[in-house]
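One structure is given below, encoded as structure tokens.
The values are calculated or read from the model by the stated rules, or taken from the named source; none is laboratory data. No experiment lies behind these values; they were computed from the predicted model shown. Counting neighbours? That spans all protein chains shown, and the Cβs are built from the backbone with ideal geometry, glycine included.
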Amino acid sequence: MSKNAKQKEDLTFEESLKRLEEIVEILEAGNTPLEESIKLYEEGMALAKSCMTRLSEAKLKLKKIQKNAAGTLEETDIEN
């Protein structure tokens, strides 16, 4: 694994999202040379994939507490 890839893995979800927003702004400005745009696009896609993976993992961990028919609390998985 490259040093750059390892650094991206160390980013928090919030840091990844912020960097992704920065990349979008840079690309939308349209002032970046083609080669740099491609590198930024690839970085953005990797960050987006990482964020989606983290969101999916977080969703699996979430639980919803609700009362059952007997009036006691129970944990259930959150539905889609």
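Report the residue count in the stretch 9-24 for those that are within 16 Å of Ala58 (Cβ to Cβ) and in a helix (DSSP H, G or I).
Matching residues across the stretch 9-24 total 5.
Conditions tested, residue by residue: (1) part of a helix (DSSP H, G or I); (2) in contact with a helix residue (DSSP H, G or I) (Cβ under 9 Å, 6 or more places away or on another chain); (3) hydroxyl-bearing (Ser, Thr, Tyr); (4) modelled with pLDDT of 95 or more.
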position	(1), (2), (3), (4)
Ser37	yes, yes, yes, yes
Leu40	yes, yes, no, yes
Met45	yes, no, no, yes
Lys64	no, no, no, no
Ala69	no, no, no, no
Glu75	no, no, no, no
